[in-house]
1. In whole Hz, with x marking every Gly and Pro, tabulate ³J(HN,Hα) for the range 94-105 from phi via Karplus 6.51 cos²θ - 1.76 cosθ + 1.60, θ = phi - 60°.
2. Stick to Cα atoms and the Kirkwood definition of Rh, then tell me Rg/Rh for the range 10-53.
3. Given a cut-off of under 8 Å on Cα pairs at least six residues apart, what relative contact order in percent is computed for the range 9-59?
4. Taking a cut-off of 26 Å, what percent of all Cα-Cα pairs in the chain are separated by more than that?
5. For the range 53-70, take each phi angle, set θ = phi - 60°, evaluate the Karplus expression 6.51 cos²θ - 1.76 cosθ + 1.60, and give the result in whole Hz per residue in order, putting x for glycine and proline.
6. Solvent-accessible area per residue for the chain at a 1.4 Å probe radius, Å²?
7. Can you give me the relative contact order of the chain as a percent, contacts being Cα pairs under 8 Å and 6 or more apart?
8. For the range 40-47, just list the computed ³J(HN,Hα) in residue order, Karplus coefficients 6.51, -1.76 and 1.60, θ = phi - 60°, integers in Hz, with x standing in for Gly and Pro.
Amino acid sequence: VQLQASGGGLVQTGGSLRLSCAASGSMFSIAMMGWYRQAPGKERALVASITSQGTTTYADSVKGRFTISRDNAKSTVYLQMNSLKPEDTAVYLCKRTLFGRIAWGQGTQVTVSS
């Protein structure tokens, strides 16, 4: 499986970005998908996840600002990020979990300027 993340960039505080992660292969609809982020010098951390049933989970730091969604017909998971803050600056990676097997995308850089 390949996970291709896109949509990152440079944005000012308060701005918005929409990340996309397109997955190759089959069975996307039954996979759990997640977005993680890793800032320099920090550990990788969960941002949001979505189950095959559409149940979502968010890190406390992004609740109310970020929304994860999925389009099974396009095998794509999205992360809508609003009201961005400088502390949201990181490489954002998507993750697929299917039958206990994990796959990571290559990441996309998000930089929020103050």
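1. 3J(HN,Hα) across the range 94-105, in whole Hz: 9, 9, 10, 10, 9, 6, x, 9, 10, 10, 10, x.
2. That ratio is 1.05, to two decimals.
3. Details: 47 pairs, mean separation 12.5, N = 51.
For the range 9-59, the relative contact order is 24 percent.
4. The share of Cα pairs beyond 26 Å in the chain comes to 13 percent.
5. 8, x, 6, 10, 9, 10, 5, 4, 5, 10, 4, x, 10, 10, 9, 9, 8, 9
6. So the chain comes to 53 Å² accessible per residue, rounded to a whole number.
7. On the way: 280 pairs, mean separation 41.9, N = 114.
Computed value for the chain: 37 percent relative contact order.
8. x, x, 10, 7, 5, 9, 5, 9
The values are calculated or read from the model by the stated rules, or taken from the named source; none is laboratory data. Computed from a predicted model, the values in this text were never measured in an experiment. Glycine also receives a Cβ, built like all others from the backbone with ideal geometry; neighbour counts cover every protein chain displayed. Note: areas computed on protein heavy atoms with side chains; ligands, DNA, RNA excluded. Shrake-Rupley method; radii C 1.70, N 1.55, O 1.52, S 1.80 Å.
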